[in-house]
Amino acid sequence: MNYANMTEEEYFSIVIKRLIRYMQKNGVKQLDLSRQTNISQSTLSKILSGETKLTLSSIFKICNALSIDPEILLSFDHEIATDTLHQKDTGIINRTYINDEILIRNSNHAAFKGYIGHAFHIYLYSTISSESSLLLGKISFEDTEYHNFCKATMELSTGKKDSNNNNITKKYYGELIISLTMGACYCILVNPEIGEVCTINFKHTFLFNQNLICRVGTVLSTSSGTNKLPIIQRALITDTALDVNNPDSPDFEFVRGQLRLNDSEIILSKKSFDNLTARINESSSELNTFLSKCTQAGSEYHESATYYVFDETKIRSINVSSDTKAEGISILRNLSTSPKYNKVSTKTEEFTFQFISEKK
């Protein structure tokens, strides 16, 4: 376009179209912009439709809210205005893809009370099978300047040290989104250094005048092993620091037990149970009583059964066709006691809440 011959109406039309495009890229709707600028929604609607001219005051407020340089918004050079957009931090999801009434992102919403503005400890199993220690970390939920999303930050210790004997950590950045219909918190996190995206999902409850004490959730990520395979596991989020890697601490067994993929049926070998009772301290009389009653002959608390433990790497060496071998292994897997999924039960939430509350 020949800018020398441009009319005032044509120029304002270009500026308004540019402004609308920046709003869309930032995921900001009219109502959001009205709240952030204190320009009434009716006035803002007239500005965006071309019925009302932009004033210097309106330009200042809008550019400040969208973190846009005014000279970029008002530039005659279309290429510069398009390529040098200064977006404010808008979270990890484009707002145009979600329903704000169902998936809550506005950090001023009452659903975020008790979560936002707090840092929590997070504990989960290492994704490397040879490592027995739990991973320790901190996860925090913070407000943003315009309350347009809840910022989430997680720092996770790998349990390893660098050449200077400093702990090696992985840092993740993202946001917390709340679904009222599903009663769920979805925390989406990105580690830009290693290219990992993970999600943490845990139950949402309106807390109002209380702060979150603890939640057991699931983590979907990629394993840290050589093969880098997708993995889902449990994680404990709590406001209380726990001594999870000290075998002499009561936290050691408790947290590991709640992070396992158990359901309401607990299946373990007699050998494992005998080893457990042998190492229980004799002074733990109440615990000994509990374990003895669990296995008491003729009791309703257990059911005796014989189980085969197949080593899949070994049975693969059986001399049959690969098709038959694949079919046989699939049948055995289907009949195994392995859980189909990792659902955090209400009992897990209840036991964990009681355990954490008693430590406070």
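Normalised Debye scattering of segment 160-201 at q = 0.21, 0.24, 0.34 Å⁻¹ gives log10 I(q)/I(0) of -0.72, -0.81, -1.05, counting only Cα atoms as equal scatterers and leaving out solvent. A Gaussian network model of the chain, with springs between Cα atoms under 10 Å, assigns the largest mean-square fluctuation among Phe141, Phe120, Phe254 to Phe254. Test of understanding: in a Gaussian network model of the chain with alpha carbons linked when under 10 Å, which of Lys203, Lys228, Lys325 would top the mean-square fluctuation ranking? Highest fluctuation of the listed residues: Lys325. Model label sites at Ser299 and Asp162, defined 7 Å from Cα along the beta-carbon direction, differ in position by 5.3 nm.
Less than 5 angstrom separates the built amide H of Thr144 from those of Phe149, Lys151, all sequence-distant by 5 or more or on a different chain. Relative contact order, whole percent, for the chain stands at 11, derived from Cα pairs under 8 Å and 6 or more residues apart.
Taking amide H positions as modeled 1.01 Å from N, with prolines and chain starts lacking one, the residues under 5 Å from Thr52 and 5 or more places away or on another chain are Ile47.
With the simple model of a label 7 Å out from the Cα in the direction of the Cβ, Ile331 to Ile232 spans 2.8 nm.
3J(HN,Hα) couplings calculated from phi for segment 138-149 with the Karplus curve 6.51 cos²θ - 1.76 cosθ + 1.60 (θ = phi - 60°) are, in sequence order, 10, 10, 10, 10, 10, 6, 10, 3, 9, 6, 7, 6 Hz; Gly and Pro show x. The residues of the chain expose, per residue, 63 Å² of accessible area to a 1.4 Å probe.
The phi-based Karplus calculation (6.51 cos²θ - 1.76 cosθ + 1.60; θ = phi - 60°) puts the 3J(HN,Hα) values of segment 260-277 at 5, 8, 6, 10, 6, 9, 9, 10, 9, 6, 4, 4, 5, 5, 4, 5, 5, 5 Hz, whole numbers, x for Gly and Pro.
Taking only the alpha carbons of segment 217-360, we obtain Rg and Dmax values of 19.1, 60 Å in that order.
Rounded to the nearest Hz, the phi-derived 3J(HN,Hα) couplings of segment 204-216 under the Karplus curve 6.51 cos²θ - 1.76 cosθ + 1.60 (θ = phi - 60°) are 9, 9, 5, 9, 6, 9, 10, 10, 4, 8, 6, 8, 9, where x marks glycine and proline. Across Ile62, Ile266, Ile92, mean-square fluctuation computed from a Gaussian network of the chain (C-alpha pairs under 10 Å connected) peaks at Ile266.
Once the chain from Ser42 to Lys340 is taken as fully extended at 0.36 nm per residue, the excess over their C-alpha distance is 102.0 nm.
Length gained on full extension, Val197 to Glu142: 17.9 nm, using 0.36 nm per residue less the C-alpha separation. Computed from the alpha carbon positions, the gyration tensor of the chain leads to an equivalent ellipsoid with semi-axes of 54, 25, 19 Å, biggest first.
If the segment from Phe12 to Asp323 were pulled out straight at 0.36 nm per residue, it would be longer than the present Cα-Cα gap by 105.0 nm.
Of the residues Ser49, Leu212, Ser13, the one whose Cα sits farthest towards the positive end of the charge dipole of the chain is Leu212 (charges of +1 on Lys and Arg Cβ, -1 on Asp and Glu Cβ, taken about the Cα centre). For Leu261 and Arg21, a Förster radius of 35 Å and the Cβ-Cβ distance give a FRET efficiency of 0.15, rounded to the nearest 0.05.
Helix-only arithmetic for the chain: the sum of -39500 (n - 2.57) across DSSP H runs with n ≥ 4, divided by the residue total, places the mean residue ellipticity at 222 nm at -9500 deg cm²/dmol.
The values are calculated or read from the model by the stated rules, or taken from the named source; none is laboratory data. The model shown is predicted, which means the values in this text are computed figures rather than measured ones. When we count neighbours, we look across all protein chains shown, and the Cβ atoms used for this are built from the backbone with ideal geometry, even at glycine. Calculation scope for accessible area: heavy atoms of the full protein, side chains included, ligands and nucleic acids excluded. Shrake-Rupley method; radii C 1.70, N 1.55, O 1.52, S 1.80 Å.
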